[in-house]
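Single-structure report; data block below.
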Amino acid sequence: MSKPAWHPTASLQALKARAELYQQIRQFFASRNVLEVDTPTLSHGTVTDVHLDAFSCEFNHSSSGKPETLYLQTSPEFALKRLLSAYKTCIYQLGKAYRHEGQGRWHNPEFTMLEWYRVGFDHHTLMQEVSDLFKAVLDVPDTETLSYQQVFLQYLSLDPLTAKTAEIAAVFNRCNIDLSDDYPIDRDGMLQLLFSYEIEPKIGQQMPCFIYGYPASQAALAQLNEQDPRTADRFEVYYKGAELANGFHELQNAEEQRKRFEQDNRLRNTFRLPSKPIDEHFLAALESGLPACAGVALGVDRLLMIKLDAQHIEDVLAFPVARA
Amino acid sequence: MANFSTNEFKAGLKIMLDGEPCNILENEYVKPGKGQAFNRVKIRKLISGKVLEKTFRSGESVEGADVMDTELAYLYTDGEFYHFMNNETFEQIAADEKAVGENIKWLAENDVCTITLWNGSPITVTPPNFVELEITETDPGLKGDTAGTGGKPATLSTGAVVRVPLFIQTGEVIKVDTRTGEYVSRAQK
């Protein structure tokens with residue numbers, strides 16, 4: 001177990017399984033005519049998400065003559081949507097993404113992400129395609145799909161869309177979730193913790209479980225649902241304790257997107273976090289016209305962990321951050 | 001005492017919580033893609049012995065607890081305090097009844113116990129996993145019953161009462177598992 005610090009933590013078998021998985025993924029998209037693209041991981045723009053933190057670094061050789069801050073991308077989303085706006089064609093990227101956060105069984109700050117966009121799809125058609133990918137690369141016969149509201153009602157008898165914040169707090173207390181004094185929490189924070197503690201361990205044990213219809217306040221970059229605007233056309237996939245993927249029926253409205261970025265920054269301030277610059281290239285691309293599409297990002301290291309029945313992400317990484 | 005950030009959390013780390021020293025039993029880093037990062041931690045409070053789960057905001061700092069374990073031999077009690085000695089330095093330490101707690105009944109002279117010190121004072125006394133104690137009183141067993149069905153109560157020299165097989169008699173020395181309070185065997189002489 002305790003190999004010297006220079007030594008990889010992944011076995012040769014895990015490295016081979018990774019190479020094979022990449023091949024399967026590329027084959028899957030080639031057969032569906034989805035184009036592989038490669039976009040920068042180092043960019044002037046970054047995300048405003050309250051709970052996403054990007055690594056940043058100084059670029060001292062800019063043609064502007066001034067030092068510039070560049071961000072390592074937390075996902076290729078903005079660049080891929082710029083390509084979509086320009087060329088209106090289905091694309092995917094298999095590459096590295098970075099998040100300035102802690103390590104754990106399922107987490108390493110540098111990881112491999114598969115992100116793809118399908119022009120003309122909505123989130124339901126895309127969920128079907130994610131399901132097809134699982135069937136192609138994992139040994140799963142089937143997948144299941146439940147709404148966010150359904151699972152809260154089933155496991156906590158709580159309607160996450162209509163409940164008053166006090167009712168959510170009451171369920172929260174009933175579940176004995178004991179927060180340290182320094183843990184600021186709001187309505188969505190409570191829903192997310194309830195989901196992690198009370199629902200996640202019970203879903204997606206036998207087969208991958210798709211959850212869709214997140215509250216509008218957790219829409220991120222998804223459209224709001226036309227029939228029920230209390231919910232967003234966003235989905236996540238859970239399997240064997242891992243959050244595997246997050247997808248959207250993508251928001252096309254630049255003005256609405258700008259409002260959400262500004263709202264994120266206001267929320268960041270209430271959490272005593274610094275505001276983030278808004279990526280104007282991305283908004284300009286939306287303004288020029290993002291085609292109607294759905295997109296999803298999938299954690300490839302976690303997919304590999306499940307494929308190999310690995311207990312820790314270190315088992316599938318050549319060098320986790322502590323050894324990198 | 002130094003502060004520890006949640007990034008340093010791991011099993012065995014001693015931290016302060018609600019004014020009580022605690023031992024981290026398990027630590028899990030949780031970060032939903034779109035949610036706040038947190039550490040879900042299972043903790044044992046070292047004085048009350050309570051095990052509880054606590055959720056920390058990731059990146060938060062908590063005060064460390066100055067807690068250490070020492071191996072000391074039990075000497076005697078003066079009725080109020082229980083005296084222990086370090087067999088190498090001959091340094092003596094007195095633990096009060098609260099620190100010894102229920103384990104009073106397993107303390108036999110010269111047995112080496114684990115004493116947990118917080119800021120230099122004993123907070124818990126853990127006896128060896130196995131102790132050998134003499135039976136001071138038990139009913140004579142039924143002759144011919146060697147199956148040991150059910151057993152019978154026996155009082156030990158320390159006052160502890162354990163169930164023993166019927167063939168065990170007063171005056172015998174037996175081996176007991178202090179974690180379960182169960183009879184293991186006759187002592188190997």
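The values are calculated or read from the model by the stated rules, or taken from the named source; none is laboratory data. Predicted model, so just to flag it, every value in this text is computed and none were measured. Glycine also receives a Cβ, built like all others from the backbone with ideal geometry; neighbour counts cover every protein chain displayed. The accessibility values were calculated without ligands, DNA or RNA, using every heavy atom of the protein model including side chains. Shrake-Rupley method; radii C 1.70, N 1.55, O 1.52, S 1.80 Å.
Taking the range B:38-55 as the range and being crowded, with 20+ Cβ neighbours inside 10 Å and more than 12 Å from A:Leu179 (Cα to Cα) as the test, only B:Ile43 passes. The single condition among (1) within 14 Å of another protein chain (Cβ to nearest Cβ); (2) part of a loop (DSSP other than H, G, I, E, B); (3) open to solvent by 60 Å² or more (accessible area, probe 1.4 Å) that A:Tyr183 does not meet is (3).
On the stretch given as the range B:10-28, residues that are closer than 29 Å to A:Asn246 by Cα and touching a Phe, Trp or Tyr at 6+ places or on another chain (Cβ under 8 Å) total 1.
Test A:Tyr197 against the criterion of being among the hydroxyl-bearing types (Ser, Thr, Tyr), within 14 Å of chain B (Cβ to nearest Cβ) and surrounded by 15 or more Cβ atoms within 10 Å (Cβ to Cβ), and give yes or no. Before the answer, list the steps.
Details: among the hydroxyl-bearing types (Ser, Thr, Tyr): yes; within 14 Å of chain B (Cβ to nearest Cβ): yes; surrounded by 15 or more Cβ atoms within 10 Å (Cβ to Cβ): yes.
Yes.
Against the numbered list (1) within 18 Å of the chain's Cα centre (by Cα); (2) within 12 Å of chain A (Cβ to nearest Cβ); (3) in a loop (DSSP other than H, G, I, E, B), B:Leu52 comes up short only at (3).
Looking at A:Asp159, A:Asp122, just one residue is under 30 Å from A:Leu304 (Cβ atoms) and either away from chain B (no Cβ under 14 Å) or touching a helix residue (DSSP H, G or I) at 6+ places or on another chain (Cβ under 6 Å) (or both), and that residue is A:Asp122.
Set side by side, the residues A:Phe210, A:Phe261, A:Phe235, A:Phe248 differ, and just one is away from every other protein chain (no Cβ under 14 Å), in a strand (DSSP E or B) and in contact (Cβ under 8 Å) with a residue 40 or more places away in the chain, which is A:Phe210. Checked against the criterion of being surrounded by 14 or more Cβ atoms within 10 Å (Cβ to Cβ), more than 14 Å from every other protein chain (Cβ to nearest Cβ) and assigned to a loop (DSSP other than H, G, I, E, B), the candidates A:Thr39, A:Thr112 yield just one match: A:Thr39. Anything in the range A:115-136 that is of a type in the set (A, V, I, L, M, F, W, C) and outside any strand (DSSP E or B)? List them, or say none. Residues satisfying the conditions are A:Phe121, A:Leu126, A:Met127, A:Val130, A:Leu133, A:Phe134, A:Ala136. Scanning the range B:56-68 for residues that are surrounded by fewer than 19 Cβ atoms within 10 Å (Cβ to Cβ) and either closer than 17 Å to B:Lys98 by Cβ or among the hydroxyl-bearing types (Ser, Thr, Tyr) (or both) turns up just one, B:Ser61.
On the given criteria, is A:Asp178 more than 18 Å from the chain's Cα centre (by Cα) and within 11 Å of another protein chain (Cβ to nearest Cβ)? Against the criterion (more than 18 Å from the chain's Cα centre (by Cα) and within 11 Å of another protein chain (Cβ to nearest Cβ)), A:Asp178 qualifies. Condition first: within 14 Å of another protein chain (Cβ to nearest Cβ) and open to solvent by 30 Å² or more (accessible area, probe 1.4 Å). Can you find one or more residues in the range B:72-80 that meet it? Within the range B:72-80, not a single residue is within 14 Å of another protein chain (Cβ to nearest Cβ) and open to solvent by 30 Å² or more (accessible area, probe 1.4 Å). Here the range A:270-301 is the region considered, the condition is being open to solvent by 40 Å² or more (accessible area, probe 1.4 Å) and assigned to a helix (DSSP H, G or I), and the residue that is nearest to A:Ala14 (Cα to Cα) is A:His281. Would you check if there is a residue in the range B:4-18 being part of a strand (DSSP E or B), closer than 30 Å to A:Asp49 by Cα, facing chain A (nearest Cβ under 8 Å) and in contact with a strand residue (DSSP E or B) (Cβ under 9 Å, 6 or more places away or on another chain)? For the range B:4-18, residues part of a strand (DSSP E or B), closer than 30 Å to A:Asp49 by Cα, facing chain A (nearest Cβ under 8 Å) and in contact with a strand residue (DSSP E or B) (Cβ under 9 Å, 6 or more places away or on another chain): absent. On the stretch given as the range B:23-37, residues that are open to solvent by less than 20 Å² (accessible area, probe 1.4 Å) and either among the acidic types (Asp, Glu) or more than 7 Å from every other protein chain (Cβ to nearest Cβ) (or both) total 1. The number of residues in the range A:231-259 being at pLDDT below 95 and either farther than 30 Å from A:Leu308 by Cβ or aromatic (Phe, Trp, Tyr) (or both) comes to 0. Taken over the range A:15-28, the criterion of being of a type outside the set (D, E, K, R) and out of contact with any Pro (no Cβ under 9 Å at 6 or more places or on another chain) is satisfied by A:Ala17, A:Ala19, A:Leu21, A:Tyr22, A:Gln23, A:Gln24, A:Ile25, A:Gln27, A:Phe28.
Scanning the range B:150-169 for residues that are among the β-branched types (Val, Ile, Thr), within 15 Å of B:Ala187 (Cα to Cα) and either part of a loop (DSSP other than H, G, I, E, B) or open to solvent by 40 Å² or more (accessible area, probe 1.4 Å) (or both) yields a total of 1.
Can you pull out every residue in the range A:8-36 that is within 20 Å of A:Pro320 (Cα to Cα) and either open to solvent by less than 50 Å² (accessible area, probe 1.4 Å) or among the aromatic types (Phe, Trp, Tyr) (or both)? Break it down stepwise before answering.
Start the filter on the range A:8-36 by keeping residues that are within 20 Å of A:Pro320 (Cα to Cα), which leaves A:8-19, A:21-22.
Passing the criteria: A:Pro8, A:Thr9, A:Ala10, A:Ala14, A:Ala17, A:Arg18, A:Leu21, A:Tyr22.
I'd like the full set of residues that are basic (Lys, Arg) and open to solvent by 30 Å² or more (accessible area, probe 1.4 Å), limited to the range A:239-269. Give the derivation first.
Taking the range A:239-269 and keeping what is basic (Lys, Arg), we get A:240, A:258-260, A:266, A:268.
Passing the criteria: A:Lys240, A:Arg258, A:Lys259, A:Arg260, A:Arg266.
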